[in-house]
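Take a look at the structure set out below.
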Amino acid sequence: MNKQLWKKRWLAGALTFALTTGWSAGSAAAAVAVPHVEWEKTYDHVPGEAQSTEDGGYIMIGEPQFTHPDSFVKTDAGGKVEWAKPMHGHTIAATQDGGYITGEGGGTKVDPTFTVRKTDAVGTVQWTSTLKGNVIKYMTQIRQTRDGGFIFIGYDSVVKLDQSGQVAWRKASDDFYNLESVEQTADGGYVLGSGNSNGLHLWKLDEMGNITWTRSYLASGKGNALTGAGHAAQTPDGGYAIAGNKDGQFVLIKTDATGRSQWSKTYGTERDEYIASLRVTRDGGYLLGGYALTRKLNYRQMYENVVIQTDSAGRELWSRVMDDGNAQTETMMEQAFPTPDGGVAVYGRKTTYSPQGAYQQSSAQLIKLSPGSPSPAAGLRLDSEEYSVIVGGQLDTVVTATYGGQKRDVTKYTQFKVDNGDIVSVDAAGNITGLKYGQTVLTATYNNLEARATVYVY
């Protein structure tokens, strides 16, 4: 497919999304600038996982490539290599002591071996933990837990390690399938995400790995979620978000604290778009990363990275197709993640082909995008600066956000609170009920913006 035609279809899909949700693409564009590429670097390894580090740099790990064994790499904030080690893995996370934890799967199907390594801040291995036997089929993600231990997952298993790498507990179940992500939740338990041909799936575990509930989504309809999707995260309100693919598009589902779906949004053009990562941003929005089929090079299908930023209600703020202008290269990301300066980093594989479509070379790629606007809305207002209500009476409120000079009713996406709950109560929809004589302050919060009004009860 012609690149420009595909991009027109992408924009048409975004416009359709805007019209069906009542959102103005023009006003959003006026309020949020699409980030630009600040720099792009390549590294001689097969990409696994990357993260930002506390010093503003990046840590990444992957598999060795050809004669280049150094696939454990630390860079500065500009992507310049500070050190590289001949160590490999599939997943990595920063640890509380400033070091790193890495994980990989290996061995054979008959005798699989799974290795976890703890390193210091400069990549020196402090200890190694090896698990043998059919404990886990493939290690997809490892994270440190608040007790100083570690949690990691594979396609059908969850393993908890203590601070020294010894197994604290393990859960392997046919109920788990294609596990893609793990995150410790506010209550000390865990949320797992996965996707397969039957849909997207969430599991909530307690702190000992016991399943407390499970939910499935998109199991029927026009199409199904694709294998490999199912990136999940807890949201600031105590609920959850899970991202995957449906009918060739990105899909994002927001749930409450028990996994019940609250809303679902799709993004893209139904043209073979594949989700690769989901992150909840500091303002409660969502950062989606993946890649999309954009064209053909002779017989070969070619993909390019796609990044989408939404607000907390899932409304698209900006999207970017990562086209470098070279018809012979394709990019397929592993993750897109926020950076400490408010920007976005994209980590994945960059591959170059001949004009006839024959493979030439590939490498890990790290792209830094500039910070976007701090908030999609320029202002937030309640429909009155003062409200009066009798004891036992009730009245509603309306919250309006201003985007590029245009106003939008955002009441149903707003959080409400009152300073004195003995005088007034307020529900999730912003309805005020007078409880006893007096006055207090009502605060409405939306996307890090606040509006206040005085409430009098008589």
How about the range 441-458: which of its residues are among the polar types (S, T, N, Q) and buried (at least 20 other Cβ atoms within 10 Å of the Cβ)? Asn447
Given (1) modelled with pLDDT under 90; (2) outside any loop (DSSP other than H, G, I, E, B), Thr433 misses just (1)
Of the candidates Asp422, Asp396, Asp427, the one satisfying the condition of being surrounded by fewer than 16 Cβ atoms within 10 Å (Cβ to Cβ), farther than 18 Å from Gly284 by Cα and either without any contact (Cβ under 8 Å) to a residue 12 or more places away in the chain or assigned by TED's automatic domain parsing to the domain that holds Ser312 (or both) is Asp427
Name every residue in the range 153-175 that is of a type in the set (Val, Ile, Thr) and farther than 15 Å from Lys118 by Cα, in order of residue number. Ile153, Val158, Val159
Go through the range 372-411 and count every residue that is touching a Pro at 6+ places or on another chain (Cβ under 6 Å) and at pLDDT 85 or above. 0
Scanning the range 344-362 for residues that are touching a residue at least 40 places away in the same chain (Cβ under 8 Å) and surrounded by fewer than 16 Cβ atoms within 10 Å (Cβ to Cβ) gives Pro355, Gln356, Gly357
Considering only the range 261-284, state which residues are surrounded by fewer than 22 Cβ atoms within 10 Å (Cβ to Cβ) and either within 19 Å of Glu183 (Cβ to Cβ) or outside the structural domain of Ala186 (by TED's automatic domain parsing) (or both). Ser261, Gln262, Arg279, Val280, Thr281, Arg282, Asp283, Gly284
Looking only at residues in the range 403-419 that are surrounded by 17 or more Cβ atoms within 10 Å (Cβ to Cβ) and in a loop (DSSP other than H, G, I, E, B), which one is nearest to the chain's Cα centre (by Cα)? Thr414
So is Leu297 in contact (Cβ under 8 Å) with a residue 24 or more places away in the chain and buried (at least 20 other Cβ atoms within 10 Å of the Cβ) or not? no
Here the residues within the range 303-334 that are farther than 19 Å from Lys368 by Cβ, touching a residue at least 40 places away in the same chain (Cβ under 8 Å), out of contact with any Gly (no Cβ under 6 Å at 6 or more places or on another chain) and of a type outside the set (A, V, I, L, M, F, W, C) are Gly314, Arg315, Glu316
Residue check for Ile367: crowded, with 17+ Cβ neighbours inside 10 Å and within 29 Å of the chain's Cα centre (by Cα): yes
Residues of the range 167-187 classified as surrounded by fewer than 19 Cβ atoms within 10 Å (Cβ to Cβ) and either under 19 Å from Tyr100 (Cβ atoms) or touching a Pro at 6+ places or on another chain (Cβ under 6 Å) (or both), total: 2
Suppose we keep only residues that are more than 35 Å from the chain's Cα centre (by Cα) and closer than 23 Å to Thr400 by Cβ within the range 430-440. Which one would you say is surrounded by the most Cβ atoms within 10 Å (Cβ to Cβ)? Thr440
Any hit, the range 177-200, residues being touching a His at 6+ places or on another chain (Cβ under 9 Å), farther than 18 Å from Val251 by Cα and touching a residue at least 12 places away in the same chain (Cβ under 8 Å): yes
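The values are calculated or read from the model by the stated rules, or taken from the named source; none is laboratory data. Fair warning: this is a prediction, and the values are worked out from it, not measured in the lab. Counting neighbours? That spans all protein chains shown, and the Cβs are built from the backbone with ideal geometry, glycine included.
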